[in-house]
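Read the structure below first, then the notes.
The values are calculated or read from the model by the stated rules, or taken from the named source; none is laboratory data. Because the structure is a prediction, the values reported are computed rather than measured. Virtual Cβ from ideal backbone geometry, glycine too; neighbours counted across all protein chains shown. Side chains included, ligands, DNA and RNA excluded: accessible areas come from the protein's heavy atoms. Shrake-Rupley method; radii C 1.70, N 1.55, O 1.52, S 1.80 Å.
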Amino acid sequence: KNKNWKGTLILLEPEKVRLFQSAYKFQGIPAYMLFDQAGNIIDVKASRPSDEELETEIRALLVESIVQSD
């Protein structure tokens, strides 16, 4: 709904789905994950992009990263 949110959509061949699920440790599709700028996994069970909770989660992670860098 919010056109300002950006993300990456990954399409996989059916036989590759289980490998991807195993590597990123998630159960089903669609799956929403958060990564930091370096590509590290922050959350493998992130809220949907349309969920207002996602913005709250991202803001909390940003505050946490600022506090850790001080």
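Along the charge dipole of the chain, Cβ charges K/R +1 and D/E -1, which of Leu34, Leu11, Val67 sits furthest on the positive end?
Leu11
Go ahead and run the numbers for FRET between Glu57 and Glu15, Cβ-Cβ distance against an R0 of 30 Å, rounding to 0.05.
0.40
Pairing the Cα long axis of helix 52-69 with the longest principal axis of the chain, what angle in degrees results, from 0 to 90 and rounded to the nearest 10?
That helix lies at roughly 60 degrees to the long axis.
If you stretched the chain out fully between Glu64 and Ser50, how much longer would it get, using 0.36 nm times the residue separation minus the C-alpha to C-alpha distance?
Gain on extension, Glu64 to Ser50, equals 2.8 nm.
Compute the angle between helix 14-24 and the longest alpha-carbon principal axis of the chain, please, reported from 0 to 90 degrees and rounded to the nearest 10.
30 degrees
With every protein chain left in place, what is the accessible area per residue of the chain in square angstrom, probe 1.4 Å?
91 Å²
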